[in-house]
Each structure stands twice: as C-alpha cells, then as structure tokens.
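The block underneath contains the structure these notes are about, expressed in structure tokens.
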Amino acid sequence: MTTIHLGKTYWILETQQTAYAFGLTSRGTLTHAYWGKRLPNLEDYPSPPEAAPYESWSGPEHLTPEEYPAYAGAKYTEPCLKTTFSDGVRDTVLRFVGAEQRIGEPSPLCITLRDAYYPLQVALYYRVHERYDLIERWAEITNLGDAPVLLERAWSALWHLPWGDNYRLSHLSGQWFKEWRLCREFLRPGVKVKESRRLTTGHTANPWFAVDRGAADECQGEVWFGVLAWSGNWKMVAEVTEYGATRIGLGVNDWDFAWRLAPGESFLTPSSLAGYTQEGFGAASRLLHDYARKHLPHGNRLHPVLYNSWEAVFFDVNEASQIALAERAARMGVELFVMDDGWFHRRNKDNAGLGDWWPDERKFPNGLKPLIERINALGMDFGLWIEPEMVNPDSDLYRAHPDWVIHFPTRQRTQMRSQLILNLARSDVQDYLIEKLDALLSEHNIAFIKWDMNRNVSEPGWPDAPGDPRELWVRYVHGVYRVWETLAKRHPHVLWQGCSGGGGRVDFGMLRLVDQFWVSDNTEATARLEIQEGFSQLMPAITMESQVTEMGKPLMPLPFRFHVSMMGVLGVSVDLMKWSEEELRLGAEMIALYKEIRPIVQLGDQYRLLPAQGSPFAAVQYVSKDKTESVLFVFRTHAPEPTYVPPISLRGLDPHMRYRIEGFSETRSGEAWMNLGLRFDLKNGESTVRRITSIASSNSSAHGAKSN
Ligand code: DGJ
C-alpha cells in the first residue's frame, strides 16, 4: 500500500487511520493542508489554503499555515528557522526546489527548499509509520556557500492543527521526586512555552503533547499528539494566532543556542513524531507505546525482575554484603542483581570518586569478579551503576583534567551533589569514557548497566570550542549518544537503564539507547501510582522500571507495593537481610505471579481505567495483543469511609470472546465485561490483581492473585 502520494505540488501521507497533506500555494509557499482522519479518496483532501495580505499589518505568509516557516518578511508567528547570513542579513526566504522519496526504511519523503538569494538549503523529511498512525519529521539545513551561516533556531517540526482556536493542551510538568504530573489547559491566543534549559530533557517538563477540543477522554475523542526525540535542551511552543490558527512547534531549544554552519556543513535536527486518533488519550498513548516497543534496542525481549542495592544500603556496598543480599534475592526468584552507586574508587559518599571507574580496593579487594561469579552461580545476571558524564573534584580524573568540565574560566564552577559535568561535546572526553567503560564491560560479565546523570548544568562554558561555544547544548547530547552507542554496539547483550536522578532524561531520543528508564526517585507506592500514570502517557510499561522499596510513612502494605511495581518492570530495592521469612515468602510469591503476567504487562496494550492522579483510586488494565489474556490492577490508597471504589468497566477485550475473571464465578462476553462495571470491595491500602482469560485459552483454574 502506498503511504506517500507524491504529487508535483501536493503531497499526501497516509497511515492506517490518518492522513497528513500539504502542498504549494499559488505563491509557491509550502503550506499545510490537512491532518486528521484518513479519507476515502485522494481527491477528498483539501488544497493548501491561500491567503491575501491583511491591510498593511500581516503578510500572506503570516496568515497561512506554512509547513516550515523561516523568519522572513511580514510574518510574526513562531518560525522554525532563524538564521543570520555572513553579511548580517537576518531574513531567510525559502523557495521550493523539489520533492523526492529517499531510500530508507520506511523511505522518507524529502522536500527541498532553498533561500531565494543565499546558498542555504533546507531539506524537510517526512516518514510515515503506517501501523502506528505516526508521522515523523525532521529537517536538515545545509550551507552550500563559501561563507558561514549562523543558525539561531532550527526546529524539527511545526504541527498545524485543523483551523480553530479552542484547543486544550495536555502536557507533563513536575520536579525532581514529583515527575509526570498531567496538566490540561485550554490554549488562548499567544504562546505557551514548555522547555528545558538544563542540558537534559529535565524533570520539570517533557517534550510530549496531546491536544484535543476539550471533550476527549481516555476512550474517545479526537486527539493530536506528539513528541520530540531529543535528550537535551528542547522547546515546545503552542501558539494560537490572532486569526484563530493553532500550531505546536518542537525542536532543540533556541535559548542560548547558536550553531555556526561552516561552508559545506549540515545541521540535522532531531525527529519529532506526531499522530492523530479518534479514540481518546488512551489510544494516543498506545500508539506511542507500540512505536516505542518496536524501536527498543532489544525489541520485544522480556525484561528481567531485578534487585537493586540503592534503597537497601546506599553507598555501603562491599563483596560480602552484596553476596548476602544476592543469596536472598535469588531465593525470591530475582533474575538480575544490580549493584548501584558506591562500588568504585574511593566512593563512600557523594563527594568523591566519580570519574574513576574501577572497583574500590577496600570494598572489593579482589575486584568485582568474585561477586559477579557468585551472582551468576546463583542463577542471576549482574548489573552495575555508572554515572559517566560526571566528575567529583575529588577524583583522579579531575586532578588530571580540570579543563574537561563544562565551565567559564573566570567563573566559579558551581558544584551540585559535589560534582561537575564533564564536557561530552569534546571528543577527547568521549574517547576517554569509551575506553574506560569498554574495559569495564569487556573485563566483567555485565548484563545490565544503569546509566545515571545527577545534576543540571551551570556556567555552560566551553572555553576552547572550535565553533560557537553555544553549540555545546547540541554537541553535548551528540557526545552522550556517541559514547553510549559505541558501547552498546560493542556489547550488544547489555540491557541499559536510563536514569537521571529519577525521570530527568526520559524521551524518544533515548529509545535508541535504553531498554528501560528509572522513572522517579520517589518510590513511595501511592505517589508512584500517579507518577507511573504520567509516564504512561508516552512510554510503555516495558520501559518503566519500578521497584518495591521501604520508602514512605506510613508504609503501604507489601502486596500493595508489589502490585504497583508489577505494572512495569518489577524490581526490589530493600535490605533483604532485614526481611522476615514471611516477607521473603510473600516476595517470592509476588515475583512468581509477575513472571506469569509479565508478557501481558510488558508487551500488551495498556488501559488507564481509573486515573490515579488526584484520586484515591486507580485501576489499570493490560491486554495481550491477541486479546486472549488480560490483567487488571485495582488500588485504593486513602478515602474516608464510607466510600466505594467506583465501578470499573474493562477495556480492550474482544467483544465476541468469552472471558473468565479471577474472583468472579460467571463467564461473560468481552462486550459484557466492558459494559457492566465491576465492583471491588477494597479498604484503604488494599489492592488486587485479577487475571482475565478467554475461555478458549484458559486451561488452568483462576490464579489466586487477590491479595488484599
Ligand atoms: C540517583 C538515582 O536516581 C538513584 O536511583 C541512585 O542510583 C542514586 N542516584 C545513586 O547515586
């Protein structure tokens, strides 16, 4: 099936359910025409809108939805591109040159534009991810002349919504320990900016959006949604113009950004992906989940149940204590034992050691090998924590290379958590990290790496930068990608966890590197329900590492904490030496149950049935792709008596199949279970997990999973 319809002046991109169309106006302006439901015939799609100037106040380009507007002429809306040419001209007039389909999988459409006077070329790429109803866009800006050009803004895409000014924006806000809060607000004329100026994606916002007309919910309604696949400073601008047009621009942040494009050089923007659905926010999330799963480094390989040492012993790791914990973890059925911070040279607390990536001689006098061998003998894989981008001033690395950190020579180097940031824009820093970490991975049997990043930037200087020092923002991220990709290529069996003091670097750019994320340092189970729900707006459960810990007062019951963590990739991070035999037994039972439902949770479709944020209840359902199996989680955190858990209607079942739900004596059609409204009698702090099986596929009796 052709998904890109290539005309001479009009292009239509079709996914399974949606279409996106644009073309040239009679003035030759590349203009957006349509984004929404796929229409029956190609002739059904509208022509790009034409506009006449409005008195002497707004030029025609100001009034048309230009696909990739550059700052030029009489237009005042947010541009995608802003440049300064070597003669000081700051007006970029892009003209259409040609269109062709390039080689690739799937092959992108490339529209070439060129400045009317200067030899500056802009290639706009569009790729159709048909199965996921997603369009991917990015741009490549090339200097074909012999004088440098300064880029001051180079976004990935401007997504135009159907004409109208009464849209509601959903976005994610937060802070460290409180990431992933879903906010919904109506857009008003003007701009609403979400961004990161922190060097990484950040805890405070995420480059994700969903836009509706105010009436969509989890199950129904038109939703336009998208992400930026970038792990550094980013900007998202939702603009409503005075003429009632609404658009969302996404790209590398132009805050403090500049890029000196030398003759012959190109600047490649990251991708932005966006989609449309008529089935509400839930469907929008599931489309992103499917796409994300498809692009994970290790595909659909199930992720292991892990143990992590951090919440158990913090920096206090050594061979004997880790082996003792590992023995207990293995008894419970843990598959991967991860040693977190504290294992390397002189690392007893957070003020020393970062940069010196070899085992601490006192804690591990014989190196890491005896520990790893013991863990492997216990039947578990071994994983390790690193924080490669950082250095403590109290480290051999910093003493040898004080100039390797991001800094301005005349300014104080602000320390946060006693650490400074290595300048990964520098290739010598990248090479050093590749060498050291490659040796670590080559010399040890390491199956999993947790890559952490624990501070935000300050004094963003790069004293000996070869180009404009403000290129740091982008070149740093390219450096991180290069180091990580090189290691991943050399050690393809390693599973990677991305962490930045919790969820500080979660984005679609990381998907090329990481298999799973550390979503938040907040592991208190009730807070976690809300955090996990926010994360699920864009990322699937298989990427969501979730650990059972002892954080929180009062501590929620152990089954409740397990159930919360079973909705992602289950982990345990408690001091197991303090656990009673009964707790270890319960842990083992929970892990065994998780292993049974894991394929449904990690690979199935997720439905948010009772939203957790701001509510004392939560219910989440996962359904296998073939719809023969499902699992339902229900929680009640706190609510005054008498309050009942609201009735829950299941989703995603096959209406014609018959299903049995654990704890219910009757079997019913999927249609019935999706309309009846199930009642659960839960008290505060109680939760339940129910397996749902289609009659044809249920060959065993219902599993005793109710554990409230
Ligand atoms: C921050 C992470 O989010 C924690 O899980 C832990 O790894 C610490 N860093 C270790 O320093």
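Computed from the coordinates by the stated procedures, all read-outs in this text should not be read as laboratory data. Keep in mind that this is a model prediction, so the values were computed, not measured. Backbone-built Cβ (ideal geometry, glycine too); neighbour counts: all protein chains shown.
Go ahead and run the numbers for FRET between Asp654 and Leu42, Cβ-Cβ distance against an R0 of 30 Å, rounding to 0.05.
Numbers: r = 33 Å, r/R0 = 1.11.
Calculated value: 0.35.
In this model, which of Lys294/Lys595; Lys82/Lys294; Lys192/Lys553; Lys578/Lys683 are farther than 32 Å apart at the alpha-carbon? Spell out each step's value before the answer.
Numbers: Lys294/Lys595 22 Å; Lys82/Lys294 34 Å; Lys192/Lys553 38 Å; Lys578/Lys683 28 Å.
Among Lys294/Lys595; Lys82/Lys294; Lys192/Lys553; Lys578/Lys683, the Cα-Cα distance tops 32 Å for Lys82/Lys294; Lys192/Lys553.
Taking the Cα centre of the chain as origin, sum charge times position over the Cβ atoms of Lys and Arg (+1) and Asp and Glu (-1), and report the length of that vector in debye to the nearest 20.
On the way: 75 positive and 88 negative charges, 163 e Å.
For this selection, approximately 780 debye.
In Å, what is the Rg of the alpha-carbon atoms in the range 306-518, and how long is Dmax?
Calculated on Cα positions, Rg and Dmax stand at 17.2, 56 Å.
What shape does the chain have by the C-alpha gyration tensor, where a ≥ b ≥ c are the square roots of the eigenvalues, rounded means a/c under 1.5, and otherwise prolate means a/b greater than b/c and oblate the rest? Let's see the in-between values first.
On the way: a/c = 2.12, a/b = 1.22, b/c = 1.74.
Oblate shape, in that a/c is at least 1.5 and b/c is the bigger or equal ratio.
Would you mind calculating the relative contact order of the range 221-292 from Cα pairs under 8 angstrom and at least 6 residues apart, reporting the percent as a whole number?
Values: 88 pairs, mean separation 32.1, N = 72.
It rounds to 45 percent for the range 221-292.
So, with +1 on the Cβ of K and R and -1 on the Cβ of D and E, and no other charges, what is the size of the charge dipole of the range 306-518 about its Cα centre, to the nearest 20 debye? Could you put the intermediate results ahead of the total?
Numbers: 24 positive and 31 negative charges, 40 e Å.
My answer is approximately 200 debye.
How much length would be gained if the chain were fully extended between Asp681 and Ser86, taking 0.36 nm per residue of separation minus their Cα-Cα distance, in nm to one decimal?
207.1 nm
Once every DSSP H run of n ≥ 4 in the chain is given -39500 (n - 2.57) and the sum is divided by its residues, what mean residue ellipticity at 222 nm do you get, rounded to the nearest 500 deg cm²/dmol? Present the calculation step by step, with values, prior to reporting the outcome.
Details: 12 runs with 136 residues, N = 708.
Using -39500 (n - 2.57) per qualifying helix, the result is -6000 deg cm²/dmol.
About its Cα centre, what dipole magnitude does the range 420-521 give when the only charges are +1 on Lys and Arg Cβ and -1 on Asp and Glu Cβ, stated in debye to the nearest 20?
Working: 11 positive and 14 negative charges, 40 e Å.
Using only the charged Cβ atoms, the result is roughly 200 debye.
Based on Cα positions only, what radius of gyration and what Dmax would you give for the range 70-218, in angstroms?
Every Cα atom of the range 70-218 included, Rg and Dmax give 18.4, 53 Å.
Could you check the simple spin-label distance between Glu361 and Asn318, using points 7 Å along Cα→Cβ, in nm with one decimal?
Modelled inter-label distance: 1.6 nm.
What does the extension gain come out to for Ala639 and Glu582, with contour length at 0.36 nm per residue minus their alpha carbon separation?
Working: separation 57, 0.36 × 57 = 20.52 nm, distance 2.87 nm.
Gain in length upon complete extension: 17.6 nm.
Near Lys349, which lysines are there with a Cα under 17 Å away, not counting those fewer than 8 places off in the same chain?
Output for Lys349: Lys363.
Taking a cut-off of 21 Å, what percent of all Cα-Cα pairs in the range 553-708 are separated by more than that?
Values: 5442 of 12090 pairs.
Roughly 45 percent, rounded to a whole number.
For the range 4-295, rounded, prolate or oblate, judged on the Cα gyration tensor with a ≥ b ≥ c (square roots of eigenvalues), a/c < 1.5 rounded, else prolate if a/b > b/c?
Values: a/c = 1.41, a/b = 1.22, b/c = 1.16.
Verdict is rounded for the range 4-295.
Lys/Arg Cβ at +1, Asp/Glu Cβ at -1, dipole of the chain taken about the Cα centre: which of Phe535, Thr246, Leu30 is farthest positive-ward?
So the residue we want is Phe535.
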